[in-house]
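Peer 1: A single structure is presented below for examination.
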Amino acid sequence: MRVTLSGTVFNITRKDIEKKLRDIEPEEGRAKYFIDIGGKNYPIKQTLSKTLNLPGVAFSSHQAFAILQKLGFKIIEKIS
């Protein structure tokens, strides 16, 4: 899938994300939305940040949510 974030075009697939996060632990914090990869819940912003090598401030949670949903990930909402 082709996406543009912070003026840069990226081609990203579901497999790219799964491969990149395989050896990374999920960040702890105040995140509300997650995706499950290998039984671990990754915050959606961490997911794109690590996969695309962008700082989390370079895109919004809304953008991350939409991109990951289009790639077929089920978004998990943390209920507090």
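Read-outs throughout are calculated quantities, based only on the coordinates presented, and are distinct from any laboratory measurement. Values in this document were obtained by computation on a predicted structure and should not be read as measured data. Note that each Cβ is placed from the backbone with ideal geometry, even for glycine, and that neighbours are counted across all protein chains shown.
Peer 1: In the range 49-61, how many residues are hydrophobic (A, V, I, L, M, F, W, C) and free of Cβ contacts under 8 Å to residues at least 40 places away in the same chain? Let's see the steps before the verdict.
Peer 2: Narrowing the range 49-61 to residues hydrophobic (A, V, I, L, M, F, W, C): 52, 54, 57-59.
Remaining after also requiring free of Cβ contacts under 8 Å to residues at least 40 places away in the same chain: 57.
Of the residues in the range 49-61, 1 are hydrophobic (A, V, I, L, M, F, W, C) and free of Cβ contacts under 8 Å to residues at least 40 places away in the same chain.
Peer 1: Condition first: among the polar types (S, T, N, Q) and surrounded by 13 or more Cβ atoms within 10 Å (Cβ to Cβ). Now tell me which residues in the range 49-80 satisfy that.
Peer 2: Those that are among the polar types (S, T, N, Q) and surrounded by 13 or more Cβ atoms within 10 Å (Cβ to Cβ): Ser49, Thr51, Ser61, Gln63, Gln69.
Peer 1: Something else now. Can you name the residue in the range 20-48 that is hydroxyl-bearing (Ser, Thr, Tyr) and in contact (Cβ under 8 Å) with a residue 24 or more places away in the chain and, of all such residues, is surrounded by the most Cβ atoms within 10 Å (Cβ to Cβ)? Don't jump to the end; show me each part of the working.
Peer 2: From the range 20-48, those hydroxyl-bearing (Ser, Thr, Tyr) are 33, 42, 47; that's our starting set.
Now drop any that are not in contact (Cβ under 8 Å) with a residue 24 or more places away in the chain, which leaves 33, 47.
Details: Tyr33: 19, Thr47: 26.
If we take residues in the range 20-48 being hydroxyl-bearing (Ser, Thr, Tyr) and in contact (Cβ under 8 Å) with a residue 24 or more places away in the chain, then Thr47 is surrounded by the most Cβ atoms within 10 Å (Cβ to Cβ).
Peer 1: Also, quick follow-up: Within the range 1-50, track down each residue that is under 9 Å from the mean Cα position of the chain (by Cα) and not polar (S, T, N, Q).
Peer 2: Listed by number, the residues that qualify are Ile17, Phe34, Ile35, Tyr42, Pro43, Ile44, Lys45, Leu48, Lys50.
Peer 1: Let me ask you something else. I'm trying to understand the selection: among the residues of the range 23-80, which are part of a loop (DSSP other than H, G, I, E, B) and of a type in the set (Gly, Ala, Ser)?
Peer 2: Initial filter on the range 23-80 (part of a loop (DSSP other than H, G, I, E, B)): 23-32, 38-39, 53-55, 59-60, 71-75, 78-80.
Of everything in the range 23-80, those that are part of a loop (DSSP other than H, G, I, E, B) and of a type in the set (Gly, Ala, Ser) turn out to be Gly29, Ala31, Gly38, Gly39, Ser60, Gly72, Ser80.
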